[in-house]
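The values are calculated or read from the model by the stated rules, or taken from the named source; none is laboratory data. These numbers come from a predicted model, not from an experiment. All Cβ positions, even for glycine, are placed from backbone atoms using ideal geometry, and neighbour counts span all protein chains on display. Heavy atoms of the whole protein, side chains included, go into the accessibility calculation; ligands, DNA and RNA do not. Shrake-Rupley method; radii C 1.70, N 1.55, O 1.52, S 1.80 Å.
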Amino acid sequence: MEKLRSGAVPLQAGWMVLGAFFFATMGVCIKMGSAYFNPAELVFWRGAIGVVVLGGIAYTRRVPLATRYPAMHAWRSFIGVISLGAWFYAIAHLPLATAVTLNYMSSIWVAAFLIGGILMASRPGVSDSPSPRDQAPLFFTVLAGFAGVLMLLRPSINPQQGFAAVVGLLSGITAAFAYMQVVALSRIGEPDTRTVFYFALGATVAGAVAMMITGTSTWSWCGALWLPPLGILAALGQLCITRAYATANTHHATLLVANLQYSGIIFAAMYGMLLFGDHISALGWAGMALIIASGIAATALRKRAAPESPVEEH
């Protein structure tokens, strides 16, 4: 039994690394497909193909798609689709590794929100009130993360890409909220297949509505070749990551899984250099490393700062 218990962590780590690889590869499909389709169209096809794939997986696994928590799934889909659309836009207009890194800042944003909540709840003179002074390590971790952003963006983004950088940061902020909702859904026993299916369904609906506003591009069969792998890789990646978090039942397993998500940045950087000729300067690499280190530290420190935080369970 002890061997099985100790072997669970490598299995969870494998799910996370595989999921990060799938998402980085999906980023390549988005980058290529963005030459033919706008972000709304990519979100729609990502969702529609995912619905088919996940519906088939649910049928094979005999997982019923009916849920008693439609409102929770609706909120997870809503905030997740905002993050998804922002990320797709950033990938289309920024170097791949830069866009992926900005999206993976969700752990740092969660830490920043936690500090803000502690500051608001602090009441000087009350013994059981949370003390902002105790959160100094977490505060400096967040500052280091944002310093990493400045180091990353300065060498790799020209002035015309500034808006895309802001959108990329938005994708990370909203991803933090989406992950928190995944935590809540896993806590109440929702199967990962069902959770990911409803997110794909939400992306399909949101993408269709957005296309009515933004319009559609001239159909290209050459560009359409990137759509099936986009949807399939997205569905598989999200299933892997959801499974990794849902099965991380110990503090150490959760930390390991959360930290290994940053392997996606390395995969994206390799793809960017090999396929798109992206050049990352020494300062840019240092910024990416600082963001990764800050994210890892923020994940570890959150447990001490807020032991009951649901984010620790995802």
Report yes if residue 194 is in a helix (DSSP H, G or I), in contact with a Pro (Cβ under 9 Å, 6 or more places away or on another chain) and among the basic types (Lys, Arg), otherwise no.
-> yes
Enumerate the pairs (first residue in segment 174-189 and open to solvent by 10 Å² or more (accessible area, probe 1.4 Å); second residue anywhere and of a type in the set (Asp, Glu) and assigned to a helix (DSSP H, G or I)) with beta-carbon separation below 7 Å, excluding pairs fewer than 6 apart on the same chain, so at least 6 apart or on different chains.
-> 187/313
So which pairs qualify, if the first residue must be in segment 263-276 and over 16 Å from residue 14 (Cα atoms), the second must be open to solvent by 60 Å² or more (accessible area, probe 1.4 Å) and modelled with pLDDT of 90 or more, the Cβ gap must be under 9 Å, and the two must be at least 6 apart or on different chains?
-> 275/32
Which ones in segment 46-83 are surrounded by 22 or more Cβ atoms within 10 Å (Cβ to Cβ), under 13 Å from residue 205 (Cα atoms) and not β-branched (Val, Ile, Thr)?
-> 46, 47, 50, 77, 80
Take residue 32 and decide whether it is farther than 25 Å from residue 173 by Cβ, part of a helix (DSSP H, G or I) and open to solvent by 40 Å² or more (accessible area, probe 1.4 Å).
-> yes
List the number of the failed condition for residue 216; all other conditions in (1) farther than 18 Å from residue 80 by Cα; (2) open to solvent by less than 30 Å² (accessible area, probe 1.4 Å) hold.
-> (2)
Every listed condition ((1) under 27 Å from residue 209 (Cβ atoms); (2) surrounded by 24 or more Cβ atoms within 10 Å (Cβ to Cβ)) holds for residue 101 save (1)
Among the helices (runs of 4 or more DSSP H) contained in segment 205-314, which hold 2 or more residues that are in contact with a helix residue (DSSP H, G or I) (Cβ under 9 Å, 6 or more places away or on another chain) and modelled with pLDDT under 75?
-> 227-246, 251-260, 282-305
